[in-house]
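Trainee: Input: one structure, supplied below.
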Amino acid sequence: MTEAVIELKDVSLTLGEGASSVHVLKGVSLAVTGGEATGIVGPSGSGKSTLLMVIAGLERVDSGTVRIAGEPLNGKSEDQIAAFRGRNIGIVFQSFHLIPNMTALENVAVPLELAGHRDPFGVAARELASVGLSDRVTHYPGELSGGEQQRVAIARALAPEPRILIADEPTGNLDQATGRQIADLLFAKARERDMTLVLVTHDPALANRCARQIAMRSGRIETPPSLQAVPA
């Protein structure tokens, strides 16, 4: 049996304080095996993006356990979690989150430089070439189309060679044709590198490309994580 790379057990999380607090996750348990593509679906406010942030170690849970790539995140310091995330998890956001005053090459090199990689710009150039942007390395985000910016973001996420790639509405800011190209790229890279892919999406066509779908509602997993699989 394939080992679970992502394990959440009875995870609960409340955001905010007092009258403004919201119980975002309510006893969520989830296991994702290595190399699996999982789509998280559900209405707005159901806890999908927060679940991704918990997996990435960007949100600390109030209760329950979080084990990623065999390591428990509970009890780690912020610095320890950041270092762990840099080695094991790549993140792609809907709004790209590129640094506007850095070139495409510099944006991709940033996480490698922070990790002390000996050749950050060489790796960044190779990753940009691998997503079809070898001729755009010196361009700034404002000089790139939305699809190109998302390709830079994907290259940045892939550069540290993570075991897990998570994507929050990766096609949400793109037109249909460009979104399809970005989805093709995400699934192709996950297959090539045997990465575990977890993505949040409102797009049924994108969700159906995943081996599993997890449906969330009101902070809980609504249905068994065993819906139909469609080849990517």
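Trainee: As a quick test, which of the pairs Lys9/Lys76; Lys9/Lys189; Lys76/Lys189 have an alpha carbon distance above 22 angstrom in this structure? Write out the running numbers ahead of the final one.
Mentor: Values: Lys9/Lys76 17 Å; Lys9/Lys189 29 Å; Lys76/Lys189 30 Å.
Violating the 22 Å Cα-Cα cut-off are Lys9/Lys189; Lys76/Lys189.
Trainee: Still on this structure, I have one more. Rounded, prolate or oblate: which fits the range 94-193, taking a ≥ b ≥ c as square roots of the Cα gyration tensor eigenvalues, rounded meaning a/c under 1.5, else prolate when a/b beats b/c? Don't skip to the end; give the middle numbers.
Mentor: On the way: a/c = 1.71, a/b = 1.23, b/c = 1.39.
Oblate, because a/c is 1.5 or more while a/b does not exceed b/c.
Trainee: Moving on to the next point. Report the extension gain between Lys26 and Glu71 in nm, rounded to one decimal, defined as 0.36 nm multiplied by the number of residues separating them, less their alpha carbon distance.
Mentor: On the way: separation 45, 0.36 × 45 = 16.20 nm, distance 2.23 nm.
Taking 0.36 nm per residue and subtracting the Cα distance, the gain is 14.0 nm.
Trainee: Continuing with this model, one more query. Largest first, please: the extent of the C-alpha atoms of the chain along each principal axis, to the nearest Å.
Mentor: Projected onto the principal axes, the Cα atoms of the chain cover 47, 43, 38 Å.
Trainee: For Glu143 and Asp184, FRET efficiency with R0 = 22 Å and r from the beta-carbon atoms, rounded to 0.05? Each step should come with its number before you reach the end.
Mentor: Details: r = 24 Å, r/R0 = 1.08.
According to the calculation, E is roughly 0.40.
Trainee: Then there's this: As a test of reading the structure, rank Met53, Met216 by solvent-accessible area (1.4 Å probe, protein chains only), most first.
Mentor: Working: Met53 35, Met216 0 Å².
Ranking Met53, Met216 by accessible area, largest first, yields Met53, Met216.
Trainee: At 222 nm, what helix-only mean residue ellipticity would the chain give, in deg cm²/dmol to the nearest 500, using -39500 (n - 2.57) for each DSSP H run of four or more?
Mentor: Numbers: 7 runs with 75 residues, N = 232.
Only helices count here, giving -9500 deg cm²/dmol.
Trainee: Right, something else. From largest accessible area down, sort Arg118, Arg67; use a 1.4 Å probe on the protein chains. Before the final figure, lay out the partial values.
Mentor: Values: Arg118 230, Arg67 95 Å².
Correct descending sequence by accessible area is Arg118, Arg67.
Trainee: Same structure, new question: Using label points projected 7 Å from each Cα along Cα→Cβ, tell me how many nm separate Arg118 and Asn101, to one decimal.
Mentor: 3.3 nm
Trainee: Which net charge results for the neighbourhood of Gly70, defined as the other residues with beta-carbon distances under 13 angstrom from its beta-carbon, given Lys and Arg at +1 and Asp and Glu at -1?
Mentor: Details: positive: Arg67, Arg87, Arg163; negative: Glu3, Glu7, Glu71.
Within the 13 Å Cβ shell, the charges total 0.
The values are calculated or read from the model by the stated rules, or taken from the named source; none is laboratory data. Just so it is clear, the model here is predicted, and its values are computed rather than measured. Cβ coordinates were reconstructed from backbone atoms using ideal geometry, including for glycine residues, and neighbour counts include every protein chain displayed. Keep in mind that these areas ignore ligands, DNA and RNA; they rest on the heavy atoms of the full protein, side chains included. Shrake-Rupley method; radii C 1.70, N 1.55, O 1.52, S 1.80 Å.
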